[in-house]
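Q: The following block contains the structure, expressed as structure tokens.
The values are calculated or read from the model by the stated rules, or taken from the named source; none is laboratory data. Given the structure is predicted, the values throughout are model-derived calculations rather than measurements. Positions of Cβ are backbone-derived with ideal geometry, glycine not excepted, and every protein chain shown enters the neighbour counts. All accessible areas refer to the heavy atoms of the entire protein, side chains included, with ligands and DNA or RNA removed. Shrake-Rupley method; radii C 1.70, N 1.55, O 1.52, S 1.80 Å.
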Amino acid sequence: MPTVAGNALRVFSERSALLIRITTAGGQVGWGETWAYPYAAAELIKRNLAQYALGKSVTNPRLIHQAMLSAAVPDRRGQTHMALSALDIAVWDAFGRSSGLSISSLLGGALRKEILAYASGPLLPAGEDRYAGFEQAVEGFIADGFQAVKIRVGIGAKEDIRAIEAARSIVGDDATLMIDLNEASTIADTVALADATRSSRLAWIEEPLRHDNIPGYRRIAEKISVPLSGGESFCGVQAFRDVMVDGSLAVLQPDLAICGGITEAIKIAGLADAFDTGVAPHVWGTGVNFLASLQYASVLSAYGKSPSVPIFEYDKSYNPLRAKIFDPRPDSKGNIAVPDGPGLGIDIELEALDEYVVESWEVAA
């Protein structure tokens, strides 16, 4: 990264991901990704999970996914799900390319050809002024055509209130505005922030607490009118079940590269439907996860009005690992089109990322 930056809880100087490419006996390829702990995920795949995919037909991703889950007995909500996410996405991509159909078509058909995208950012620079360049970045999002924006906050009450009010002033009255606390707040501080920024009409407050503090989320939800969103760090449908039974989250945000891939994300979508809850996928990492998430978002049930979900997260921080693969621009309504080619929708050209590849390996049957 050009500068050290991050969110209210942590900063970082580089971005990394594990990309998986599978090749079928017929010569078709499929791409998958996990961006969390890529080296650990690589070892899990090489030494454990690959055996459940090698030699199997990509035309049955659920069977391969079920076999991989058998390796997750002592790890039903962690690293195993992150690693198998990459393989599962790759199998679905290869299935689509082998059949000539997009992943959304394989899932029963898209409900939408385009989706409202929100600019997610900016990253907060390290240093004394964590909001340095903030207003210019938000102005840039609007200039790029976005009509919805999610900003990172959590630095301090006064600074956060100023940032939220500034963002509302920049995006205008009609735009959708959300905030992400990245697990850096407390119950009392979140309630106070929601009260202090009521005039800014926030569409949601994302992850104010540690993601597994389910009782804490319920206590916040009981005290404020702004919806709460979260779930990007949940692995497996059971983790989402717990928070659904609790009833504290109004918007679920599974990340396909973490939660267990497309197969697991479809289970999560069904769970959300059963609890009449919206789904808006969390999208981080490279262009592979971006494309997979677009395919997923295109088949999700519509829910709510403010904002109407699904709505698509478009990471606007420095990210050539995404931009060199797929770099769409919003249309006049702030929507981005869902690619309708086979598999992920477009061809993935690894050569575009050659300068960033630090390690590669191969496992064969």
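Q: Starting from a Cα-only point model with no solvent, please compute log10 I(q)/I(0) by Debye for the range 234-365 at q = 0.18, 0.20 1/Å.
A: Here the Debye-derived log intensity ratios amount to -1.05, -1.21.
Q: Say each of residue 56 and residue 161 gets a label point 7 Å from the Cα, pointing the same way as Cα to Cβ; how far apart are those two points in nm?
A: So the label points at residue 56 and residue 161 sit 5.4 nm apart.
Q: For a bin width of 5 Å, list the pair-distance distribution of the range 53-118 built from all Cα-Cα distances, rounded to whole %.
A: Histogram of Cα-Cα distances, whole percents per bin: 3, 16, 22, 18, 16, 13, 8, 3, 0.
Q: Which percent of the accessible area of the range 234-317 is formed by carbon and sulfur heavy atoms (probe 1.4 angstrom)?
A: 52
Q: Pairs 223/333; 267/333; 305/333; 113/324; 56/267; 56/113: which are spaced more than 26 Å apart, C-alpha to C-alpha?
A: Violating the 26 Å limit, Cα to Cα: 223/333; 267/333; 56/113.
Q: Kirkwood hydrodynamic radius for the chain: how many Å is it when counted over pairs of different Cα atoms?
A: Hydrodynamic radius (Kirkwood, Cα only) of the chain equals 20.7 Å.
Q: Can you tell which of 191, 226, 245 shows the greatest fluctuation in a Gaussian network model of the chain with Cα springs below 10 Å?
A: Highest fluctuation among the options: 245.
Q: Follow-up. Can you check what the net charge comes to around residue 236, using other residues whose Cβ is under 12 Å from the Cβ of residue 236 (Lys, Arg +1; Asp, Glu -1)? The partial results should precede the final answer.
A: Working: positive: 76, 77, 241, 267; negative: 75, 242, 264.
Computed value for this residue: +1.
Q: While we're on this one: In debye to the nearest 20, how big a dipole does the range 273-365 give about its Cα centre with +1 on each Lys and Arg Cβ and -1 on each Asp and Glu Cβ?
A: Details: 6 positive and 14 negative charges, 113 e Å.
Roughly 540 debye for the range 273-365.
Q: For the range 219-365, report the accessible area per residue in Å² (1.4 Å probe, heavy atoms, rounded to an integer).
A: 39
Q: Of the chain, which part is the longest with no GluC sites (Glu not before Pro) in a loop (DSSP not H, G, I, E, B) and with at most 16 other C-beta atoms within 10 angstrom?
A: 223-348
Q: If each residue of separation counts as 0.36 nm, what is the full-extension length gain between residue 21 and residue 4 once their alpha-carbon separation is subtracted?
A: Here the answer is 3.1 nm.
Q: Next up: Using θ = phi - 60° and the Karplus form 6.51 cos²θ - 1.76 cosθ + 1.60, what ³J(HN,Hα) does each residue of the range 274-286 get, whole Hz, x for Gly and Pro?
A: Values, residue by residue: 5, 9, 6, 10, x, 10, 9, x, 7, 10, 9, x, 9 Hz.
Q: Take every Cα pair under 8 Å in the chain that's 6+ residues apart, average their separations, divide by the length, and report that relative contact order as a whole percent.
A: Details: 737 pairs, mean separation 79.9, N = 365.
Over the chain, the number comes to 22 percent.
Q: Looking at the range 252-321, which chymotrypsin sites (Phe, Trp or Tyr not before Pro) are DSSP coil and have at most 10 other C-beta atoms within 10 Å of their C-beta?
A: none
Q: Grab the DSSP H runs of the chain that are 4 residues or longer, score each as -39,500 (n - 2.57), total them, divide by all residues and round the 222 nm result to the nearest 500 deg cm²/dmol.
A: The per-residue figure over the chain is -10500 deg cm²/dmol.
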